[in-house]
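Structure first, commentary second.
The values are calculated or read from the model by the stated rules, or taken from the named source; none is laboratory data. Small disclaimer: the values here were computed from a predicted structure and weren't measured. Glycine also receives a Cβ, built like all others from the backbone with ideal geometry; neighbour counts cover every protein chain displayed.
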Amino acid sequence: MTQHLLNPAGLLLVVALLAAPTAALAGLRRPSWAGIVGASMAGLAFGLAAWGWRAGGDRIDVAWAPTWDLRLSFALDGLAVLYALLATGIGALVLIYASRYVPLHLEHQHRPHTDEIRFHAFLLLFMGGMVGLVMAQDLVLIFVFWDLTAIASYYLIGFDRHEAEARASALMAMLVTGISAVCLLIGAMLLYADYGTFALPELFARAESSPSVTTAGALMAIAALAKSAQAPLHFWLPRAMAAPTPVSAYLHSAAMVAAGVFLLSRLYPLLARSDLLLDGLLTIGFLSMAVGGILALTREELKQVLAYSTISQYGYVVVMLGLGGTYGTAGAAFYVVAHALAKSALFLTAGAVTEATGEKRLAALGGLWRRMPLLAAASGAAAAGLAALPLTVGFFKDELFFVAALKRGPVFAALALVGAALSLAYVGRFWIGIFLGRSRAEAQPIPTALVAPVVVLGVLVIAGGIVVEPVTDLAASAGAVTYGSPTPIHPAYHLDARPENLLAVGAWALGAFLLVARPIWVGVALAVARLGERIGPARGYRLLLGGLNRFSDRIHAIEVRDLRSRVATVLVPAAVLVGAGVLVTPTRDQFLVGGVRGADLPLLLVLLLTAIAGVATCVPRDHLSMALVLSSVGYCLAVVYAFSGAPDVALVAVLIETIFALLFLGVLALLPRQVLRYESFRAVGTRRGLRDAFVATITGGFAFVVVWGVLSRPSPQQSVIVEQADLTPAAHGKDIVTVILADFRGLDTMGEITVIAIALVGLAGLLQRGRLR
Amino acid sequence: MTLLTSLTVAVLFGSGAFLVLKHDLIRVVVGMVLISNAANLFIMSAGLTTGREPIHPLPATETIADPLVQAMTLTAIVIGFGVAALLLSLVYRVYTSHLTVDLTTLGEAEERAEAALELEAQRDMDVEEAGLLFARPERERE
Amino acid sequence: MTTILTQTIARLLLPPTFMVAVAVMVKGYADTGDGFSAGVIAGLGVLLQYVAFGYRVAERLITIRTAARSLVAGLTLALLVSFVPLLRGDPILTHAPAPNAHVIHLGSLELITAVLFDVGVFLIVFGFAVGAIGMVARAIDRSAP
């Protein structure tokens, strides 16, 4: 329980959050440095996360806003270590890749290479957000970092900002994940209302199974599922492929989409309070597996295939969390690691292939293994990992998946088998389509930096398939955090006919069949895909957005475009509300008529004059008379002030009224006569005139009620007056008002004269020569 | 007294509201000035005490008028003047830009300009297709 | 309006106006009046010149630039009086000399920083009044054929 930052947890957080500004600063010096510095920072963060893991985790806890019970509390527990290692490790590899890829990308698009800095900075911001998110132990912090990742993803997806498609995709990702993030906040608020804390450990300890916890859990799960691109909120993810390839690789493996399942794992103790929620997760997981798998089989574009495969793969993870138990929770963690390694390698492969050939579609590619054998081998390892072939880390992910499904029942095992078969089919199609078969496209040589990260990831996938213990340890400690008690898992090769092995063999057979028998089912799959486009949620999103846009246009037309309606929409409801308030509250003795003494008679007379002058301002048609009547209102008020024992105010009022009258006349002189005449003699419809009079009357009535109500209740507390009167001699003055202005409430005066100074600046700008449009 | 002061404030406020609802921008400014006058009178009459002017030496037998509301009203009057001057120059600027000070005419001009913008946006790209239902294309740089 | 009589009167009235303004300000702490009224009085004196002589002649007397400078000077002065006490560790707008301490009197002028603050207010209000009317007058002058 260290309180300072000098422990692995604190250092990791600081380094991860400082990475983005550091890289941006380095990039300002020379754009190409941003990537290098960023990759080193990510590597450093990876090292710190690994150190933290070895050191057995650590935590920091700083009171941030103690009065509101908000604390900066972070813990580097098993779950956090796992995701932090992924975010920083894959982040570093992606940055190395990007430091070569992005300059080429910018060159193709004829953009300045300073844009590279933005790319790296936002990717690192993303990484920082992820690290903060996974370590946060407080729902408010989780929400903050959650949104930080959403913002970073918005800029990364929309990195090619000159392309409408990229901007629209970024907006879609932002809206879908950002609006659902509000659900997270609402869920947190519900929990706070019940338990008075945002701190997760306390919530886990105290939350019971109750309808409000279920509601809160469901809301937070919605946010997580939208971020993980689970059906039916999956449609933003394939659109997000508009981003440059390294972004996709990172989004899909270690950041954005992973954040969703991370949140589910983090909140699992709350979700597990309700069987309903877990069953909901199961349903959505299986649905996403099916939707993602079938659609992945129908896509032609490399990145689209991978995008739908991600939806399906995270469907697995959601299913495992829904199944729960030792194997479900630890298996989900294991699955995330295996998937992250394989999927990022495949994305980076897609980017490298497109860079080499200029082709994006499977149909236009083939036979590339002769040109790039190393890439083919490395990505083959990754593809085998995703397809869960033996000798890869992926084999164990499916083994755990089958075990978890078998524990629940044969139906689930059958569904799991179909899901695994689908993933073998689409991954196989992807890899075979690129590297085997007839050569269809010319390939340019590609830089080493585009191949090396893929090789590293491929080697890791194979290494994990041979020595699985480190990944198992990591997953078991993460699963223990999720499940709340130790989750020993023992994935290993068993050369016997146990059920999970049979399921695996069955999945390979079915997958291979799907791969070979493509002509049989492709028509059906395409029909499903078309149906989804016709009636799917993406269409709902478009309709909703279009409807909102039209609605805001309508409101704009009514309320904003016409100043008069706008004023009326403020005044009339206010008047109606006040009227209603008066009607429902008891008014007896609330309003004082107030006595009139003989000495008040002059004042009364002047008040009457003021009121008459006020009404008279509305009468004249020509502006000159109006200006003069307006001045008379001001002078009358000055006399009122003079009679009320306020000579200072009266003096200023007289002087200001004089100078304002001059200014008004000056501005009237500036406007041509015909403009003024048009305004004076334009026809105003009787109905409109009546409407204005009506609005003015009820507004006046509302002002009357408010003012009378306030004036009838003077506070008996007059000590302020006595105090100010007594203090004035001490402040070396005699005129209390002046002393208040310059001394007691001098800061008010300071603000006021600043306003005056700003007004003059505005005036100078507005009265400039020339026509502005 | 309370009732009559409130009535005066209400009449000033109502007249101001009536003018603010006009088409003529100059009348709108006059309405704003009237409303701020009403507010000044309101603040002034919200004083806790009435009586003689609050200047030392204070009268021994009579009460003094609340000096705090006086200071506030004083400030409010000067700020009101500054804002009114700014509004007037805004009216003048509207005239130099649009050659009118009429809200209806201005509204029609805005509607026309907006329609033109919308047309331009639709020409530049297929808005519906891109799903970009409310973003306009950025202007080309340089 | 621009008759010989008005012009003569306007010119003659200018120095007394300023005198009144200064008096109002100096006596402000002791009697009715303060920086606000003083500023407007002085401003009105200048405006009288605009009314009597027209923009071009009056502009020679006091330019819009002078008004702007007066505004800036006033704001700086007020800000200094407000924030310099911070340097000594006092709250902002702590006036010197301290309450009930001895104050040097020059006639009815008291040498206290509150008066300095009031001078800042005076300069700002004066600058605003002259600047606003001067700019409107300039615009009128430009729009005239």
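In this structure, does A:A332 turn out to be in a helix (DSSP H, G or I) and surrounded by fewer than 22 Cβ atoms within 10 Å (Cβ to Cβ)?
Numbers: in a helix (DSSP H, G or I): yes; surrounded by fewer than 22 Cβ atoms within 10 Å (Cβ to Cβ): no.
Taking the combined requirement at face value, the residue does not satisfy it.
Looking for something hydrophobic (A, V, I, L, M, F, W, C), more than 9 Å from every other protein chain (Cβ to nearest Cβ) and under 20 Å from A:A661 (Cα atoms) - is there at least one such residue anywhere in the stretch B:79-100?
Yes, the stretch B:79-100 has at least one match.
Limited to the stretch C:59-73, what total is found for residues that are more than 9 Å from chain A (Cβ to nearest Cβ) and crowded, with 22+ Cβ neighbours inside 10 Å? Spell out how you get there, then give the answer.
Initial filter on the stretch C:59-73 (more than 9 Å from chain A (Cβ to nearest Cβ)): C:59-63, C:65-66, C:69-70, C:73.
With the extra rule that they be crowded, with 22+ Cβ neighbours inside 10 Å, the set shrinks to C:70.
Number of matching residues: 1.
Residues are listed down the side, and each one gets a yes or a no for (1) modelled with pLDDT under 85; (2) among the charged types (D, E, K, R); (3) over 30 Å from B:R112 (Cβ atoms); (4) within 29 Å of the chain's Cα centre (by Cα):
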| residue | (1), (2), (3), (4) |
| --- | --- |
| A:P519 | yes, no, yes, no |
| A:L526 | no, no, yes, no |
| A:R534 | yes, yes, yes, yes |
| A:V560 | yes, no, no, yes |
| A:V572 | no, no, no, no |
| A:A575 | no, no, yes, no |
| A:R588 | yes, yes, yes, no |
| A:F591 | yes, no, yes, no |
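Are there any pairs with C-beta distances below 7 angstrom linking a residue in the stretch A:738-750 that is free of Cβ contacts under 8 Å to residues at least 40 places away in the same chain to a residue that is part of a loop (DSSP other than H, G, I, E, B), with the two at least 6 apart or on different chains, and if so which?
A:V739/A:A731; A:V739/A:G733; A:L741/C:D34; A:D743/A:A731; A:D743/C:H95; A:G746/C:L93; A:L747/C:I92; A:L747/C:L93
Against the conditions (1) surrounded by fewer than 22 Cβ atoms within 10 Å (Cβ to Cβ); (2) in a helix (DSSP H, G or I), where does A:G129 fall short? Just the number, please.
Among (1) surrounded by fewer than 22 Cβ atoms within 10 Å (Cβ to Cβ); (2) in a helix (DSSP H, G or I), the lone unmet condition for A:G129 is (1).
Here is a yes/no grid of residues against (1) outside any helix (DSSP H, G or I); (2) without any contact (Cβ under 8 Å) to a residue 40 or more places away in the chain; (3) over 27 Å from A:I90 (Cα atoms):
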site: A:F401; (1), (2), (3): no, no, no
site: A:A416; (1), (2), (3): no, no, yes
site: A:L422; (1), (2), (3): no, no, no
site: A:A425; (1), (2), (3): no, no, no
site: A:G433; (1), (2), (3): no, no, no
site: A:R438; (1), (2), (3): yes, no, yes
site: A:P445; (1), (2), (3): yes, no, no
site: A:A452; (1), (2), (3): no, no, no
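Restricting attention to the stretch A:97-122, which residues are among the aliphatic types (A, V, I, L, M) and crowded, with 22+ Cβ neighbours inside 10 Å? Steps first, answer last, please.
Quick first cut of the stretch A:97-122, residues among the aliphatic types (A, V, I, L, M) only: A:98, A:102, A:104, A:106, A:117, A:121.
Across the stretch A:97-122, the qualifying residues are A:A98, A:V102, A:I117, A:A121.
Test of understanding: among A:A557, A:A575, which residue is without any contact (Cβ under 8 Å) to a residue 40 or more places away in the chain, surrounded by 14 or more Cβ atoms within 10 Å (Cβ to Cβ) and farther than 30 Å from A:R266 by Cα?
Values: A:A575 fails: without any contact (Cβ under 8 Å) to a residue 40 or more places away in the chain.
Matching residue, one of A:A557, A:A575: A:A557.
Return the total of residues in the stretch A:19-43 being in contact (Cβ under 8 Å) with a residue 24 or more places away in the chain and within 18 Å of A:P112 (Cβ to Cβ).
The qualifying residues number 8.
Given the structure, is A:I90 outside any loop (DSSP other than H, G, I, E, B) and surrounded by fewer than 23 Cβ atoms within 10 Å (Cβ to Cβ)? Reasoning before the result, please.
Working: outside any loop (DSSP other than H, G, I, E, B): yes; surrounded by fewer than 23 Cβ atoms within 10 Å (Cβ to Cβ): no.
The answer is no for A:I90.
Which of the residues that make up the stretch A:147-169 are part of a helix (DSSP H, G or I) and either polar (S, T, N, Q) or over 22 Å from A:A24 (Cα atoms) (or both)?
Filtering the stretch A:147-169 for residues part of a helix (DSSP H, G or I) gives A:147-157, A:164-169.
A:T149, A:S153, A:A164, A:E165, A:A166, A:R167, A:A168, A:S169, listed by residue number.
Consider A:A497 against the criteria (1) assigned to a helix (DSSP H, G or I); (2) free of Cβ contacts under 8 Å to residues at least 12 places away in the same chain: it satisfies all of them except one. Which criterion is unmet?
(1)
Given the criteria surrounded by fewer than 21 Cβ atoms within 10 Å (Cβ to Cβ), within 13 Å of the chain's Cα centre (by Cα), closer than 17 Å to A:L72 by Cα and hydrophobic (A, V, I, L, M, F, W, C), does A:L148 qualify?
Details: surrounded by fewer than 21 Cβ atoms within 10 Å (Cβ to Cβ): yes; within 13 Å of the chain's Cα centre (by Cα): yes; closer than 17 Å to A:L72 by Cα: yes; hydrophobic (A, V, I, L, M, F, W, C): yes.
The answer is yes for A:L148.
Find the residue count for the stretch B:24-46, including only residues that are more than 7 Å from chain A (Cβ to nearest Cβ) and part of a loop (DSSP other than H, G, I, E, B).
0
State yes or no: is A:A63 small (G, A, S), outside any loop (DSSP other than H, G, I, E, B) and crowded, with 17+ Cβ neighbours inside 10 Å?
Numbers: small (G, A, S): yes; outside any loop (DSSP other than H, G, I, E, B): yes; crowded, with 17+ Cβ neighbours inside 10 Å: no.
No; evaluated as a whole, the condition is false for this residue.
Right, A:V619: more than 7 Å from chain B (Cβ to nearest Cβ) and under 24 Å from B:R27 (Cβ atoms) or not?
Details: more than 7 Å from chain B (Cβ to nearest Cβ): yes; under 24 Å from B:R27 (Cβ atoms): yes.
For A:V619, the condition - more than 7 Å from chain B (Cβ to nearest Cβ) and under 24 Å from B:R27 (Cβ atoms) - is met.
Quick one: in the stretch C:117-145, which of the residues that are facing chain A (nearest Cβ under 7 Å) and in contact with an Asp or Glu (Cβ under 9 Å, 6 or more places away or on another chain) is modelled with the lowest pLDDT?
Result: C:A137.
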